[in-house]
Amino acid sequence: MKCRRCRAKAVIKIERHHSAFCKACFNEHILKQVERAVKKDGMFDRDDPVLVAVSGGKDSLALWDVLLNLGHRATGLHVALGIGGYSDASREKTERFASARGAKLIVHHLRESLGVGVPEIAEKSSRPPCSACGTIKRYSFNQIARQYGFSVLATGHNLDDEAARLLGNVLHWQEEYLDKQFAVLQAARDPVNGRGGLVKKVKPLYRLAEREMAAYAVMNRIDYIVEECPNAKGAKILVYKEALNRLEEEAPGTKQNFYLSILKRWIPRLKPDSGVEENWQSCRQCGQPTSTNAGAGCR
Ligand code: Q46
């Protein structure tokens with residue numbers, strides 16, 4: 001198997017692009033795909049400071065690495081979730097990466113700011129841990145981006161994440177979540193008082209598969225947390241990912257077609273304002289965006 005670009009020995013095959021790459025050309029391919037998404041989708045400009053949400057996993061660390069390699073002013077944000085040893089190990093991996101790359105990192109400890117971690121928040125609010133965790137992460141990302149003056153927040157969601165989430169939303173006809181599936185979610189002011197609101201959110205890896213990001217991380221010796229969060233066990237999204245992987249094996253390109261086609265052709269027909277998050281207001285106590293009249297942190 002030869003590299004499509006330089007004809008050297010290929011180390012990875014990407015079936016859906018009918019391509020194979022050597023390490024150097026693969027790295028170039030990943031950087032180009034991210035740069036293309038950033039420019040073509042109007043995510044941010046070269047001089048814009050970007051806050052990157054970094055969990056310590058392969059996707060977010062690889063995204064941060066790629067943005068730094070492309071010369072973007074990318075600062076990492078790690079929210080320490082307080083999920084025992086898993087959270088400690090995730091923070092350590094993130095801190096080690098930041099110091100090895102000489103990159104700026106903001107670490108936000110939930111236990112310091114709220115006095116509790118995700119397990120206690122889930123218990124107190126009687127919600128499944130991942131539901132409470134998702135809300136608190138969105139809340140923290142937005143709050144810290146605003147506090148430090150960032151106008152854009154980038155997350156490491158890849159093609160597999162988005163296609164699996166879309167499959168779940170379509171299977172359960174959860175139309176209300178479809179507007180969060182875009183690669184760019186525009187900043188929005190509070191619909192009632194016109195103040196504050198949501199910072200712009202972008203997903204520069206939306207055209208890249210999980211397997212490609214794992215390969216990028218391994219090839220470039222990025223030391224990421226391999227262990228899964230203990231709460232991920234039995235998560236439905238893993239079942240959807242497995243189903244899509246099975247389809248992808250039989251027909252390469254299925255995941256990409258499914259996600260990108262629905263995104264381009266179908267969602268805008270259903271929702272003319274797609275790309276702007278809806279159904280939110282400012283919390284009466286802290287001013288952060290919330291779907292009820294009290295934000296996740298205040299509740
Ligand atoms: S960290 Fe949080 Fe995930 Fe753990 S509690 Fe669930 S949502 S599984 S990405």
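The values are calculated or read from the model by the stated rules, or taken from the named source; none is laboratory data. Here the structure is a predicted model, which means the values were calculated and not measured. Quick reminder, even Gly has a Cβ in these numbers, built from the backbone with ideal geometry, and neighbours come from all protein chains shown. Quick note on the areas: whole protein, heavy atoms, side chains included, nothing else; ligands and nucleic acids left out. Shrake-Rupley method; radii C 1.70, N 1.55, O 1.52, S 1.80 Å.
For the chain, which whole-number percentage of the solvent-accessible area (1.4 Å probe, protein heavy atoms only) is attributable to carbon and sulfur atoms?
Ligands and nucleic acids excluded, carbon and sulfur give 50 percent.
In this structure the chain gives 50 Å² per residue of accessible area when probed at 1.4 Å with all protein chains present. Max-minus-min Cα coordinates of the range 96-213 on each principal axis give 39, 38, 34 Å, with the largest extent listed first.
Within a Cβ distance under 14 Å of Leu247, other residues only, what is the Lys/Arg minus Asp/Glu net charge? For residues surrounding Leu247, the net value is -2.
Of the whole protein surface, Lys58 contributes about 40 Å² of accessible area at a 1.4 Å probe radius. Rounded to the nearest 10 degrees, the inclination of helix 23-40 to the longest alpha-carbon principal axis of the chain is 50 degrees. The C-alpha atoms of the chain define a longest principal axis, and helix 58-69 lies at about 80 degrees to it.
For the chain, the longest principal axis of the C-alpha atoms and the axis of helix 210-219 are separated by about 70°. Could you name the lysines whose alpha carbon sits less than 26 Å from that of Lys236, not counting residues in the same chain fewer than 8 places away? List returned: Lys58, Lys124, Lys137, Lys180, Lys201, Lys203, Lys255, Lys264, Lys271. Over the C-alpha trace of the range 38-94, radius of gyration and Dmax come out as 12.9, 40 angstrom. Taking amide H as placed 1.01 Å from N in the peptide plane, Ser55 has its amide H under 5 Å from the amide H of Ser60, Leu61, each at least 5 places away in sequence or on another chain.
At the residue level, Lys180 shows approximately 50 square angstrom of accessible surface with a 1.4 angstrom probe and all protein chains present. Residues Met213, Met219, Met1 ordered from highest to lowest accessible area at a 1.4 Å probe: Met1, Met219, Met213.
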